[in-house]
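Worksheet for the structure shown next.
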């Protein structure tokens, strides 16, 4: 019955899509295309994450990808996970549908090797075993752009940036006050509503959004709900001094699958569990003051607080009539930073700063087998960083940086980075390369996990050292035909040492130790063409070779081959985006032996018809060719799914 209802809804939305497309065709005879609708690859966005200062992406040596609000709107992305899928060198995988655990892997690194920030504030989860960020509940509302910097960024951002950085930047209000209301519905009884607004009044600017998502999920007992609010408020204190406040909250609940181990037949499977749920609440508070002191000196002072609480419940059911479990996990990050930038003419920018960071976590878990209590623990870290950006003859860009971290547990760690870009303006050619070191501090759990005597677990290891990396990349970018065509090629190589590993001794006791080594190497290819004023075609391919240098074999969840393509077409009031993503075979955890998961290709289609400045119709079809695939073994994904909605602006 549920599948029949979903099919009827899908057919209705597909019909709505056809109607939109037809209406657009008739309206096209009467309307003129605006410059705002035409999307060009010749745009050179300004990025801040690679150097902590505004820099044209043309002058940046690091490998940076920018996903704009326009990109997300064109594709009608609901989640940040969807928005990141086409970024080269980055793989996204999740345990099924909406709300399921979602991880990001950059250039062969682990998910915990990626630092995730919101407006420069760290939002990784301190109480998770690896301090990784779970993208499952992060929606795209009120996001201006997402900057992804690949390669080690510890010189500016410290621990967790050993593999790369994902910085999510919220919208800043501008222009006259405006508001919008979006409502959407579709497959799996999925509904989304967003109320948003932004603008500027005198010295004040603001942006906000409130979003609600509900879904019955792709199979029985997969229900999901999420309430999110995001806001940014700015005030011009002095002529060249600005104060910003940022707030974001996510409150979500999801039903999870359970594992089924058959020790007699040596099989492992996942099963629907109607009573296994997880509730997550996260909140971000950030205050930032930016003051231009002189024509050549500006200073930025910011303070942020991020907190996350997870609550798991597994009550008895038909599958496990006598088993129950419950647990809660509370954690927080506090960060204070003072950054200063000195601009020495047009050729030199010096950046220096001090950072203080404190993370806290505690947890409780109980089931039929016993109780595990993780008492509240806190670790602090102080850091000093220095960076120099030289710009010579408007074509040579050299950046060098050093950072010293003073960690409460293991002492000091020093990291370095050098980046070079050289532009040949006459031919539209750019040569670039970076070399850098990174580190990742032991997590709270790895240091202080309580012992479990019955299982031989000795507990955390307070003597752990930080994990370390050495990485480099070299590449070339080329523009042709008056910058209507862009091509880039980057080769990367990463070496990781002292990976913290869960280790079992010969007497079957276990704990965490510094042991493993790993490496990842490969290349990224990107092509973007703008053959017509209103047509953009882009494609990318990433090849990643990984190896566990200690135990041998390929690293888990990292495909050797990843490719993506996107076609965006604007015609009068009609806009459509067709995207395709291919993920190659990759090794997944399984029992008793890890297994390869088959490759897949997924195609999505989105369309928008703007009737006027106040009224917009849109629809999208996900998994257009009904590909059956799994991102993580054991967890199914949705087949062909259709959605449609309306956006009102006033």
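The table below lists the values:
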item: Structure-based [θ]222 nm, the chain - -39500 (n - 2.57) summed over DSSP H runs of at least 4, per residue, nearest 500; result: -2000 deg cm²/dmol
item: Per-peptide average of other Cβ atoms within 10 Å, ordering 292-302, 571-581 highest first; result: 571-581, 292-302
item: R0 of 30 Å, Cβ-Cβ distance residue 451-residue 338: FRET efficiency to nearest 0.05; result: 0.15
item: Convex hull projection area averaged over all views, the chain, Cα basis, nm²; result: 28.6 nm²
item: Separation in nanometres of the label points that stand 7 Å from Cα toward Cβ, at residue 48 and residue 269; result: 5.2 nm
item: Using a Förster distance of 56 Å, the FRET efficiency for residue 510-residue 56 (Cβ separation, nearest 0.05); result: 0.65
item: Added length on full extension, which subtracts the Cα-Cα distance from 0.36 nm per residue, residue 630 to residue 596; result: 11.1 nm
item: Shape of region 247-337, Cα gyration tensor, a/c cut at 1.5; result: prolate
item: Region 476-618: relative contact order in percent, alpha carbon pairs under 8 Å with at least 6 residues between; result: 15 percent
item: Modelled FRET efficiency - R0 25 Å, residue 414 with residue 392, Cβ distances, 0.05 increments; result: 0.40
item: Sequence-separation-based contact order of region 2-649, relative, with Cα cut under 8 Å and 6+ spacing, percent; result: 14 percent
item: Mean Cβ neighbour count within 10 Å, used as a protection proxy, ranking 611-617, 455-461 highest first; result: 455-461, 611-617
item: Pairwise centroid distance, computed over Cα atoms, of region 162-218 with region 466-501, Å; result: 32 Å
item: Length released on extending from residue 249 to residue 313, taking residue separation times 0.36 nm less the Cα-Cα span; result: 20.8 nm
item: Packing-based order for 68-77, 239-248, using average beta carbon neighbours within 10 Å, highest first; result: 68-77, 239-248
item: Relative exposure of 369, 590, judged by other C-beta atoms within 10 Å (fewest first); result: 369, 590
item: Added length on full extension, which subtracts the Cα-Cα distance from 0.36 nm per residue, residue 483 to residue 285; result: 67.2 nm
item: Estimated inter-spin distance, residue 556 and residue 303, nm [label 7 Å along Cα→Cβ]; result: 4.1 nm
item: Estimated inter-spin distance, residue 294 and residue 219, nm [label 7 Å along Cα→Cβ]; result: 6.6 nm
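Throughout, read-outs are computed from the coordinates displayed, never taken from laboratory work. Values in this document were obtained by computation on a predicted structure and should not be read as measured data. Here the Cβ is made from the backbone with ideal geometry for all residues, glycine too, and neighbour counts use every protein chain on show.
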